[in-house]
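Trainee: Before I ask anything, here is the structure I am working with.
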Amino acid sequence: MKRQRKAVCLGGMSLALLALGTATLAEEVIEESLGTEYQTLRLVRVAGGFEHPWSVALLPGDRFLVTERPGRLLLIEDGEAQEVEGVPEVHTHLQGGLLDVVPHPGFDENRWLYFTYSRGDDEATASALGRARLVDEQLVDQEALFEQNRRFEPGRHYGSRLAWLPDGSLLMSIGDRGEPDSAQDTGDHAGSVLRLGADGLAPEDNPHVGHAEILPEIYSWGHRNVQGLVVDTQSGAAWATEHGPRGGDELNRIEAGRNYGWPRVSRGRDYGTEGPLRDAVRSALSLDEEMVDPIHEFLPTFAPSGLALVTGDRYPNWQGNLVAGGLSAERAYRIVIEEDEVVHMEELLLGKVGRIRDVRQGPDGYLYVLSDDEEDGGLYRLEPVDD
């Protein structure tokens, strides 16, 4: 059933009219003065009342798209949230459902949206990629572009972040689907970052096209569950944050044809025993030249999800910094990198918005944060107070 949400004002209070559930669409200042090392920010709640939101896409004209994991896509514009029709059927269970959404770089002309979702049934599911054109509040010309080559038991580690490279190809992360050894199997898409064309096919210049033992879509492998992914459009550098087990969350620079080690190398702990994960020890990295050392390990557990690169002039002292969201940590980090080394980190939003699922920079230059909640996920904007 299609839903429409409209914010109205009554006696100075913002109310929402909603056919199913509740939502808050009028903007609200949550924190008037939020101090950081370089500038004071204002925290504004743009919209809320979302059910397990997973991703936000920022469109031209101050419009937003928010995915809800149960399988809904909401278009937010002028104080209204309209449920978009034509979303593909998704299999929702635990971490699965409707996941990432990004506009095509030429969205203004072609109206293409790309989205990831879990596809399958109660026995087995896969991470999948689709696209469709957004026309008014409908998805039309829908196409299923890609599905990982093996289905797994539903519920775990779908990955599913998307990011465009400057050449027009698309990076897509897929988690290990709860089976760690799959991340070292290059005949399996699980536990990898893929590089796909806009048509969902492997570009001919992918690093292992024609290799008998490596699937042509695989760009890098040895990943547990990448849920933060961003590309520097100037340099082409791709950055990713990924979940470790109990600890061992990582920030990586994604390079073509490289192995990032999971599960053979990890600083995380075993969930059951809380001891070292198998025989994986940090020093093993230096013994295996095929494996890439992470740029940074978040200790203690951060549970990273969502990653943005700061550009433009809204935050002049944050230029080139990464901002990473954290779920269980309920905070974000501003990360300063010099020559592929983290030289400084600043904690942001500790306990202010709850579990942070996504972080994006919009066309307006502002940073937006999406909080993950079962019934009241929210979309927030960080504004310099002197702006």
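Trainee: Nearest 5 is fine: what % of DSSP beta bridges in the stretch 23-384 come out antiparallel, could you say?
Mentor: 95 percent
Trainee: Starting with the highest mean, order 144-152, 156-164, 27-35, 126-134 by the number of other Cβ atoms within 10 Å, averaged over the residues of each peptide.
Mentor: Highest mean packing first, the order is 156-164, 126-134, 144-152, 27-35.
Trainee: Using a basic spin-label model with each label point 7 Å from the Cα along Cα→Cβ, how many nm lie between ARG111 and GLU347?
Mentor: 4.7 nm
Trainee: Restricting attention to the stretch 297-352, which GluC sites (Glu not before Pro) occupy a DSSP loop and are surrounded by at most 12 other Cβ atoms within 10 Å? The partial results should precede the final answer.
Mentor: Values: sites: GLU297, GLU330, GLU338, GLU339, GLU341, GLU346, GLU347; in loops: GLU330, GLU339.
Those that pass, being in a loop and sparsely packed, are GLU339.
Trainee: Something else: Can you pull the one-decimal nm distance between simple spin-label points at GLN234 and GLU143, each 7 Å off the Cα toward Cβ?
Mentor: Here the answer is 3.3 nm between the modelled labels.
Trainee: Does the stretch 203-265 classify as rounded, prolate or oblate by the C-alpha gyration tensor (a ≥ b ≥ c root eigenvalues; a/c under 1.5 gives rounded; else a/b over b/c gives prolate, otherwise oblate)?
Mentor: It comes out oblate by the Cα gyration axes.
Trainee: If r is the Cβ-Cβ distance from GLU255 to THR40 and R0 is 25 Å, what FRET efficiency results, to the nearest 0.05?
Mentor: Numbers: r = 37 Å, r/R0 = 1.49.
With R0 = 25 Å, the Cβ-Cβ based efficiency is 0.10.
Trainee: Relative contact order, percent, of the stretch 289-387 when contacts are C-alpha pairs under 8 Å separated by at least 6 residues? Present the calculation step by step, with values, prior to reporting the outcome.
Mentor: Numbers: 205 pairs, mean separation 21.9, N = 99.
Computed value for the stretch 289-387: 22 percent relative contact order.
Trainee: Let me ask something else about it. Can you order the peptides 368-377, 205-214 by their average number of other Cβ atoms within 10 Å per residue, highest first?
Mentor: Working: 368-377: 20.2, 205-214: 13.3.
Highest to lowest by the protection proxy: 368-377, 205-214.
Trainee: Tell me the relative contact order for the stretch 23-384 as a rounded percent, counting alpha carbon contacts under 8 Å between residues six or more apart.
Mentor: Numbers: 1034 pairs, mean separation 50.2, N = 362.
Once divided by the residue count of the stretch 23-384, the mean separation gives 14 percent.
Trainee: Would you tally the net charge around PRO216, using a Cβ to Cβ cut-off of less than 12 Å, leaving PRO216 out, and scoring K and R as +1, D and E as -1?
Mentor: Combined, the nearby Lys, Arg, Asp and Glu give -3.
Trainee: For the stretch 233-265, which trypsin sites (Lys or Arg not before Pro) are both in a DSSP coil and crowded by at most 12 other Cβ atoms within 10 Å?
Mentor: On the way: sites: ARG246, ARG253, ARG258, ARG264; in loops: ARG264.
The qualifying sites: there are none.
Trainee: In nanometres, what is the gap between the two model label sites at GLU31 and ASP376, each 7 Å from Cα along Cα-to-Cβ?
Mentor: About 1.8 nm separates the two model spin labels.
Trainee: Is the C-alpha gyration tensor of the stretch 126-263 telling us rounded, prolate or oblate? Criteria: a/c under 1.5 is rounded; beyond that, a/b larger than b/c is prolate, otherwise oblate.
Mentor: rounded
We did not get these values from a lab; they are worked out from the coordinates using the rules stated. What you see is a predicted model, and the numbers here were worked out from it, not measured in a lab. In this analysis, Cβ positions are derived from the backbone assuming ideal geometry, glycine residues included, and neighbour counts consider all displayed protein chains.
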